[in-house]
Amino acid sequence: MNIQALINDKVSQALEAAGAPAGSPAAVRQSAKPQFGDYQANGVMGVAKRLGTNPREFAQKVLDVLNLDGIASKVEIAGPGFLNIFLDEAFLAKQADAALSDSRLGVAVAETQTIVADYSAPNVAKEMHVGHLRSTIIGDAVVRTLEFLGHNVIRANHIGDWGTQFGMLIANLERVQAESGEVSMELADLEGFYRESKKLYDEDEEFAVKARGYVVKLQSGDEFCADMWKKLVDVTMIQNQRNYDRLNVSLTREHVMGESMYNSMLPTIVADLKEQGLAKEDDGAQVVFLDEYKNKDGDPMGVIIQKRDGGFLYTTTDIACAKYRFEELGADRVLYFIDSRQHQHLMQAWTIVRKAGYIPESVSLEHHAFGMMLGKDGKPFKTRAGGTVRLADLLDEAEVRAAKLIESKNPTLAEDEKKAIANTVAMAAVKYADLSKHRTTDYVFDWDNMLAFEGNTAPYMQYAYTRVASVFAKAGISMDSLEGEIKITEEKEKALIAKLLQFEEAVQSVAREGQPHIMCSYLFELAGQFSSFYEACPILVADDDAIKQSRLKLAALTAKTIKQGLSLLGIDTLERM
């Protein structure tokens, strides 16, 4: 149950009954401190101000008609008109019992939407590097959360598999094959081949002309070019899949929707934009001038959608892509997990999409931008030599460091178990270090913090789950064989239950805002509440069997909530560490 939403509805009804305009926001939030109750309604003051009335007097009017029977034990007016709401213990205990007996932990299934999530988006003929990590794991965590809520989620891995670079790669493939036979199709070798092809393209005009010709051939379906192009894509995606599988990311080959998918749509879109009067010829190119964006002279900014030589741009592809996602995939929401530096480019493409009538306002287009991964020097994360860090190398190092950590913590484990635990901890640490930071900020990559057993880290959260699970292992009791009802006899029990019942609010926030750090913060706070409960409330040595069963139930609900929350982040738990 979403208690915040329930109370918000009740306070909204009371506001209206007390004379507020319909739809006035109740602004119910979780209280920052226990002395202010479990929830606060902050909307009363704003409404009172609009009505020109005394906020505390209006708060009393709201309180007189507020019906929280069976939900709150006390509601009080605080400060200039806040409502502090203290939840009823019997209500909390009943909701906790219901959550434990539900495989979804009390989280309701949402009204289903079709949601397209665009994330990861590596380039062809290049290995994934650390710059692809944030899009990949943030997008995947949000996708898992949306699916948990019951939405129809379509993963879209918009790989860079089209454009001028393929002409130059195919031209070079042909050159090398004519001179010395086969080209190695290992991706690490292709990286060097890509650099060589680019150098030829930049320095040899005859080669560049041939390369541009191959782009045209590829676009027109030439068999040789298409065959070479497919080989390059296949090699790249096989390597990328290894990274996805290691990271426990849910993308597969069937989710690839590269730029090439939209190629056939581009001439029609340009023709249509010209017909609508949105695109105009300017110096031989087709340009859409947008009043919403001004150049440095204050004139409408021109967005090129077709170059003078007939070639199309990323903007044209992104217009086609958005159109396809609405018309062919039936999207209600489209989420783009793309670097914050691409924001203006996306906004311009979407402005054109809306003006052209390709997508109605009812369909939400959302840029879930993210900041950069930085080194300890505050600059973009690089190798010591200043090069790009390959994602596979980063994951290898994470596994080596995690293995040393597990060896120091538990050297008596069997070697194969140590290896399995180290791999699970390593991938969790890399992901959680990123997911626990606010998506829009840059963050500093720090191995020591990432693998620490203290603070808001993956090892701490995995250990928190293991610690709760060990209660049942020690007692020889199954989490699913508990009896009796949950009872609140101590303040720490009430605090733990109140936090446990906020799980749905965290899930809904991640789904709505595309911010996985909300779940990380929630789980870290939950682990802290369990620690306080565990120290204050003996479980296995409780005097009364009914209290022991109740506390075991709270431990079971905590374990299941941490496990489910981490699962939504794409992170596995361990029964022992």
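The values are calculated or read from the model by the stated rules, or taken from the named source; none is laboratory data. For clarity, every value in this text was computed on a predicted model and none was experimentally measured. Every residue, glycine among them, receives a Cβ derived from its backbone with ideal geometry; neighbour counts consider all protein chains shown. Surface areas here come from the heavy atoms of the whole protein model, side chains and all, with no ligands, DNA or RNA. Shrake-Rupley method; radii C 1.70, N 1.55, O 1.52, S 1.80 Å.
When the square roots of the Cα gyration tensor eigenvalues are ordered a ≥ b ≥ c, the ratio a/c for region 390-485 is 1.5 or more and a/b does not exceed b/c, which makes its shape oblate. Computed over all pairs of different Cα atoms, the Kirkwood value for the hydrodynamic radius of region 57-151 is 18.1 Å.
The apolar share of the surface of the chain, taken as the fraction of accessible area on carbon and sulfur atoms (1.4 Å probe, ligands and nucleic acids excluded), comes to 49 percent. Here the sum of -39500 (n - 2.57) over DSSP H runs of 4 or more residues, divided by the residues of the chain, equals -17000 deg cm²/dmol at 222 nm, to the nearest 500. So how strong a dipole does the chain carry about its Cα centre when Lys and Arg Cβ are +1 and Asp and Glu Cβ are -1, to the nearest 20 debye? Value, rounded to 20: 1100 debye. Could you give the angle, 0 to 90 degrees to the nearest 10, between helix 187-203's Cα long axis and the longest principal axis of the Cα atoms of the chain? Helix 187-203 sits roughly 50 degrees off the main axis of the chain. Each peptide among 51-57, 402-408 gets the average number of other Cβ atoms lying within 10 Å of its residues, and from highest to lowest they stand as 402-408, 51-57. Each peptide in 109-122, 266-279 gets a packing score, the mean of other Cβ atoms within 10 Å over its residues, and the list from highest to lowest is 109-122, 266-279. Within region 342-387, the proportion of Cα pairs with more than 15 Å between them is 61 percent.
If the limit is 21 Å between Cα atoms, which of 126/379; 294/323; 323/431; 280/307; 494/548; 198/296 go over it? In this structure, 126/379; 294/323; 323/431; 198/296 exceed 21 Å between Cα atoms. Basic side chains Lys and Arg get +1 at the Cβ, acidic Asp and Glu get -1 at the Cβ, and with that the dipole of region 443-577 about its Cα centre reaches some 180 debye.
Of the options 39, 55, 22, report the single residue whose Cα projects farthest towards the positive end of the charge dipole of region 1-151 (beta-carbon charges: Lys, Arg +1; Asp, Glu -1). It is 55. Bridges between two residues of the chain, per DSSP, are antiparallel at a rate of about 60%.
Quick one: compute the contact order of region 222-347, relative version, from alpha carbon pairs under 8 angstrom and 6+ residues apart, as a percent. Relative CO of region 222-347 lands at 15 percent.
Solvent-accessible surface of region 357-437, averaged per residue with a 1.4 angstrom probe and all protein chains in place: 49 square angstrom.
Accessible surface for region 97-235, divided over its residues, is 42 Å² per residue with a 1.4 Å probe. Taking only the Cα atoms of region 310-442, the ratio Rg/Rh comes out at 1.15, with Rh defined as the Kirkwood radius. I need the fraction of alpha carbon pairs in the chain separated by more than 43 Å, rounded to a whole percent. Across the chain, Cα pairs with separations above 43 Å total 33 percent. In a DSSP loop and with at most 12 other Cβ atoms within 10 Å, the GluC sites (Glu not before Pro) in region 466-568 are 483, 485. Converting phi to 3J(HN,Hα) with the Karplus coefficients 6.51, -1.76 and 1.60 and the offset θ = phi - 60°, region 468-483 yields 5, 4, 5, 4, 6, 5, 4, 7, x, 10, 8, 4, 9, 10, 7, 10 Hz in sequence order, with x at every glycine or proline.
The 1.4 Å probe gives accessible areas that order 545, 318, largest first, as 545, 318.
Under 13 Å of direct C-alpha separation, and excluding same-chain neighbours fewer than eight residues apart, residue 492 reaches these aspartates and glutamates: 89, 535.
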